[in-house]
Every structure is written in C-alpha cells, then in structure tokens.
1. Could you put GLU39, GLU44 in order of accessible surface area, largest first, with the 1.4 Å probe and the full protein assembly present?
2. For the residue pair GLU44 and ALA11, what label-to-label distance in nm results when each label sits 7 Å from Cα along the Cα-to-beta-carbon direction?
3. Using θ = phi - 60° and the Karplus curve 6.51 cos²θ - 1.76 cosθ + 1.60, what whole-Hz ³J(HN,Hα) does each residue of the range 45-61 get, with Gly and Pro shown as x?
4. For a quick check: with amide H placed at 1.01 Å from N, whose amide H comes under 5 Å from VAL36's, ignoring anything fewer than 5 positions away on the same chain?
5. Run the simple label-point estimate for LYS3 and LYS54 please: 7 Å along Cα→C-beta, distance reported in nm.
Amino acid sequence: MMKYLVTFFFAGYSLIFSSLVFSGETSGHGPLGPVVKCETSKGEIKYTPITYCKIFDGKVL
C-alpha cells in the first residue's frame with residue numbers, strides 16, 4: 001500500500017513541476033503576451049513582450 005502511495009505522490013509532483021517549468025516565459029509566452037521583435041520609436045530593435053511594444057509606441061516586426 002505504501003508503494004502505491006509513494007508512486008502516486010511522485011507522479012503528482014512530477015506533473016506539477018513539469019507544468020510550472022513549461023509555463024514560464026522561456027517558451028516565449030508570459031503574462032504580458034508573446035515575446036515579439038519590436039522596433040522602438042528611437043529605432044532600436046528589441047525582443048519584448050507585445051504589451052511593452054504597444055505601450056512604448058513600438059512597431060512589431
């Protein structure tokens with residue numbers, strides 16, 4: 001019985017951990033939207049979340 005309990009706990013832990021890893025901004029999507037290539041009003045080209053690009057009057061490339 002203890003073997004099943006440990007197996008169930010480990011499976012739940014690994015599912016939660018993997019979902020947290022894959023939901024980070026490293027995948028290109030964060031809470032501020034997808035990361036895009038943006039040209040600022042000063043002519044600089046940066047990779048920023050789309051929300052920042054729109055706030056600073058940038059142009060999505």
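The values are calculated or read from the model by the stated rules, or taken from the named source; none is laboratory data. Since the structure is predicted, the reported quantities are computational estimates derived from the model, not experimental observations. Cβ placement follows ideal geometry from the backbone for every residue including glycine, while neighbour counts extend to all protein chains displayed. Ligands, DNA and RNA are stripped out before the accessible areas are found, and what is left, the full protein with its side chains, is counted by its heavy atoms. Shrake-Rupley method; radii C 1.70, N 1.55, O 1.52, S 1.80 Å.
1. Working: GLU39 60, GLU44 85 Å².
Putting GLU39, GLU44 in descending order of accessible area: GLU44, GLU39.
2. 5.0 nm
3. Rounded to whole hertz, the list is 10, 9, 9, 9, x, 4, 5, 5, 4, 6, 4, 8, 6, x, 10, 6, 9.
4. Sorted by chain and number, the residues that satisfy this are THR48, ILE50.
5. Modelled inter-label distance: 5.5 nm.
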